[in-house]
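Notes follow the structure.
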Amino acid sequence: MDNLEELGCHFVRTNEQEYGKTVACAVSEEITCFITENNYLCVCEQDKLENIGLATEIIEDDNLKYIRFLAMHNVIFVASSYQLLVFERNLQSHTNHSIQSPIAELAWNPTETLLVVISKNEEVVLYSYSRDSMFEIKSTIKLNADVPNSLYVGWGSENTQFLGPKSRQLKEKVVVTQIPIEYGPPTVSWRGNGQQFVVNYYENGQRFIKVFSNDLSPLNMSEKYINLLEPVCMVLGQCIACSAIRNNVNTIVIFEKNCKVKLNFEVPENKGQIKKIQCHPDMNLLAVYSLDEDECGYINIYLYTNGKWKLKQQLYFPSNRKVRGFDWANMHEPLFTVCRLVVFTSENVEFHSFRFVMNRCPSTALAAVVSDHVRPFNRVLFHPKKLLCVLLDSKLQAVVIDVKHFSKLLSSDELDLKNNLCFHSITWNEKNLITICMEYDHLEEQMIIKESSNVVLQIQMLERTTRTSTLRFPYSDTNSLISYKNFEDNVFKFFYLTKKVVNINNSEVELDFALSSNRELYVNEKMVCSGITSYFVFQNYLVLTTVNCRLHCIRLEQDYNLLYDKLDLTKIYSREIEQGARIVSNNNGKPPQIILQLPRGNLESNGCRLITIDVVENLLSEDKWKAAVDLMRTERLNWNLLVDLNPERFSEHIEDFVKAAEYCSLLTNIVSDFNSIDNACDICLPDFAKPSCDKTSIIKKILEYLISTDMQNKSLCKRALHSLLIKEDIKDVLNATYSLYNLDFVLFVYQNSVIDPKQYEPIIERLKHLSPVGLRYEMSLKAQDVKNAVKYILRYNHFTNSDLESFIVMHKLEDVAYNSLPCDSKYFELVTMLYAKKLSRQQNYAEAGLILKRVGLLSQALEEYKKALDWVEILGLLAILEYEEHQKKDILYDLSNQLVKVHRIDEAVLVLEHYNNDYRRAIEVLVEHKEFKRAIMLAKRHKATDILEHLSNTLISLQIIRHEKKLKLEDASLGICDGEDDLFSETGSTISSLNSSRATSRSRGSMMSSKNRRKEERKKIDLREGGYYEDIALIRVLYVLYKTVFALGNEVREVCLIVEHKNRTLCQHLHEKLSLLHDNMIKQIPEIWPEVFVNPPGIIDNTIMSIIQNKSDLDPKYCVPPSKDTLNLDWKLKIFL
């Protein structure tokens, strides 16, 4: 059965000196607001409850009685006897609504849109509220209005219908003594869905309950119930909870919504008279507040389970800490595992947090009952190692019991403890010392100690400051208390805290874990992860459950660095769990199991592979191979873990492993599971450093050990072989046997198989006469292990070069042969050539050239480096091979052309300029690839002053083209045509292009295929003479050349400024040359881009047509000349002008 475990208490002291004591209070998720006895309305933020942010004095009425924060409207509602006041959140303004009759009771519906007000003249008024219209009367009715008669469908009598057969059985009637009931104001409670509300009111010396709909229609009314009292509350569902007194014992009465009694149960733990009942909005929890004759208060919390209400917690409030009110806080907990009760007292605002847990017991699962204790125990803490338990009741009186012998060892009842104590924490230590820390306003003595039966009870008093926010930790199994100083402003949101000391690099490090109400996990005051539903710390592990239904495990000492920053849960071990499961504890098994409580309430133990692997690792490190193998078999772990955790250790303990696997069948199963494909540690350890491991060699060592230790009687090998042959084919077994290179063992396997001796005896006889190297070669072939076979064939002198080449090429073992052969072998050159051919086929030309060069085959290496375009190695080999000059140039020209084809322009230019001494070809390469700036710089470096001449030649070519087009157009106007060129159609298309968009003007390409269209686009940038688009191609090149040449201005300016003081003459000469070049180029702009080309006139003659004919096929940015702004003419230095 679920119990309520107290997670913590958060006490907030209010400022009583300035505004007076609190008489009414309201707490929401955002703010806390309260009314003081001096008629002050105070507001403070939820995370700063100690500091009153806003306060205002209310002078309209001196009888303030009700306050609530309306979160739906973001306003504060205050009610007095004749006023309904609504304040803005910042208290800057407020509105009020007057009531004619004094208010006896009021209540808001859950959505805060309807307000029920009951006046003292027993009139019920229903108000609707909104920010615009404020309070509007929706309906009114008298409290004693008639209720319509109930309709019974005839299934049984009125008193027994729908109650089941058990309720119809006759029961012994209990005689209840009636006591006089004094008048009290009515009380109101809304149903959770806001459809109905119930009123408990006084009439004719008795109290009755009546249910109304949300439009004030009376629905049902209770019959006379003897000694019914004022408190009323709509319980979760359709029930109504009230209180009564039956024979001097407090009783809770549960009514159905039709006001028929469902059940009643006595609550003798409620001392005095019950004052208030409050139901949790989402859980089956009921909080009942009572006040005894000494003005001491009790809040008892009941849980409804299995058809009964069970007491789970009792909060005690002494007379000097009177309860003003209490309410359940909404924690937005979808799994309903935690809850919080907010209590307003005359001194504090107290936040009591609870969670549902199963009773935790020591490993023996024994529990004791303290029969002579009159108060319920709120806190239970077991000794971490012994069968001892300390219990603390609601008045903070402690009892220590021996769980094993069911005996009481010690009690604090005889100690004179003050009534105004606040619980802080309780701890055990290994020396049977119990420390209970409590807070008190004024310290009289700091320590109270009592000792009995080797148990020491130590009660430590801590001084309480006047205005502090303190956090209580109910349980701790460590010797030190946890303090979160940096969380003081937000401390109320934490409800579970744990301290753990771990050993990091031979130094102890304290880790403080905290889980907040919004599922954030904090480590040492830093949020590391969110979405955590529960956690548990034990031994060296942190175990988490998440909202994604997964259980995660972290090793604190090894993975401590993961907690420094945001924790990535995808990189740590996890496994699936049932939705809603939360961690309760762990057991002391080996390996430990994680105890989870499921939403149904049942417990389930779950293994954690990460913890199990650590246990196996510890056993193996302690040479406990038998225990490790047994544990892995029990937990069904992957047998590869034995090797993957530490291959070297396994290789050194083959004997221990074989002895641990006692049975042949077990040994066969283990070895059969060994594989080299995956590392078994990847499943649980994603970041596991994979050691190099050859499982085949390990299996061979196991077999060799078995052969060497048991070949005399051959009993163990025979049984193992028979078990193996049941599962495996004889061919596979023989292949593995030949790979051991033990001829006696091969014969043993043959003899215990179904193969005819006539088949294998000649083979064995032939193998006996071979040399050791030849034997291993033949046995490798028999084992179908050609990789080992090639190693032995290279050492076997019975084969020719052609035989070796055929064997290596046929089995594609060029790389294996090359890596296994020493450099001084006579076959090394042959194997190198074979391997180089394979690399060349795989297009690894550079590697092929490298190994050929290493063995001295320079000519073959040169050919491979040519394919690799490695010009550095080519130049080196050309120098070594002493080629003639013209041969070198041919090779370098061919190399540069190949480099250009693969767009390695820089290297091609470098080879041509520096190693082939052909800077003009280098400039051509740069120009062809539009690297004009670098081409100009290269020309200057080699004093090639023909760049301007090239520009002039380009302009002349453009003028010639335009003149020829003009002549053609004139001939066309006279009817002369040269055959293939249809100038009329060309002229017509050109003229039409001036009046249409560019997209539709390309009549020559609109109907072309994609291939022809790309061909047409290439023609437009073709500079060959006689081309149809030669004129616009020249314009495009000239435009780019202008941009490149004028961009040199800033570079020349910077160079002149840097070196002017060293060589002024040279700087001035460079400045003048570039300035003159720019001036000449500017003068040529009108000839390249004439005005008729930029802005064609309306009337077009043949001269103009020859200029603008192909303009529509030119990109728009080339159709206008470069502007002075883009040409950057401000580079010139005045000192050189």
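Let a ≥ b ≥ c be the square roots of the eigenvalues of the Cα gyration tensor of segment 1089-1137; is it rounded (a/c under 1.5), or, if not, prolate (a/b larger than b/c) or oblate? In terms of gyration-tensor shape, prolate.
Comparing Ile209, Val343, Phe255 along the charge dipole axis of segment 196-345, the residue lying farthest to the positive side is Phe255, per the Cβ-charge model.
Could you work out the equivalent-ellipsoid semi-axes for segment 186-295, taking the square root of 5 times each eigenvalue of the Cα gyration tensor, largest first, in whole Å?
Values: eigenvalues 100, 52, 28 Å².
Three semi-axes, in Å: 22, 16, 12.
Here the calculated FRET efficiency for Asn3 and Asp146, from their Cβ-Cβ distance with R0 = 51 Å, stands at 0.65, rounded to the nearest 0.05. Length, then width, then depth: along the principal axes, the Cα atoms of segment 265-321 run 36, 22, 16 Å.
The share of Cα pairs per 5 Å bin across segment 870-914, counted from zero up to the longest distance, runs 5, 24, 34, 23, 10, 4 percent.
Please compute the modelled spin-label separation between Gln206 and Cys1119, points set 7 Å along Cα→Cβ, answer in nm with one decimal. Those two pseudo-labels are separated by 10.2 nm. Solvent-accessible surface of protein heavy atoms, probed at 1.4 angstrom with all chains present, puts Cys33, Cys239 in the order Cys239, Cys33, largest first. May I ask for log10 I(q)/I(0) of segment 531-592 at q = 0.24 Å⁻¹, from a Debye sum over the Cα atoms as equal point scatterers with solvent left out? Debye curve over Cα of segment 531-592, log10 I(q)/I(0) at q = 0.24 Å⁻¹: -1.12.
Counted residue by residue at 0.36 nm each, then reduced by the alpha carbon distance between them, the extension gain from Ser28 to Thr305 reaches 96.8 nm.
How far, in nm, would the chain grow between Glu88 and Arg766 when pulled straight, counting 0.36 nm per residue and subtracting the alpha carbon separation? Please report the intermediate quantities before stating the final value.
On the way: separation 678, 0.36 × 678 = 244.08 nm, distance 10.64 nm.
Residue separation times 0.36 nm, minus the Cα-Cα distance, leaves 233.4 nm.
Could you tell me the distance between the Cα centroids of segment 1048-1074 and segment 192-234, to the nearest Å? First find each Cα centre; the distance between them is then 103 Å.
So, R0 is 60 Å and r is the distance between the beta-carbons of Ser825 and Gln579; what FRET efficiency does that work out to, to 0.05? Write down the numbers at each step before the final one.
Values: r = 67 Å, r/R0 = 1.12.
Working from the Cβ atoms, E equals 0.35.
Using C-alpha pairs below 8 Å separated by at least 6 residues, the relative contact order for segment 759-916 is 11 percent.
Given their separation in residues at 0.36 nm each and the Cα-Cα distance between them, Asp568 and Asn258 gain 106.2 nm when the chain is fully extended. When the alpha carbon gyration tensor of segment 784-905 is reduced to an equivalent ellipsoid, the three semi-axes, largest first, read 34, 15, 10 Å.
The phi-based Karplus calculation (6.51 cos²θ - 1.76 cosθ + 1.60; θ = phi - 60°) puts the 3J(HN,Hα) values of segment 521-531 at 9, 10, 10, 6, 6, 10, 6, 10, 7, 10, x Hz, whole numbers, x for Gly and Pro.
Efficiency by 1/(1 + (r/R0)^6): what FRET value for Phe265 and Asn505, r their Cβ-Cβ distance, R0 = 45 Å, to the nearest 0.05? Calculated transfer efficiency: 0.15.
The values are calculated or read from the model by the stated rules, or taken from the named source; none is laboratory data. No experiment lies behind these values; they were computed from the predicted model shown. Glycine also receives a Cβ, built like all others from the backbone with ideal geometry; neighbour counts cover every protein chain displayed. Accessible surface areas use protein heavy atoms only, side chains included; no ligands, DNA or RNA. Shrake-Rupley method; radii C 1.70, N 1.55, O 1.52, S 1.80 Å.
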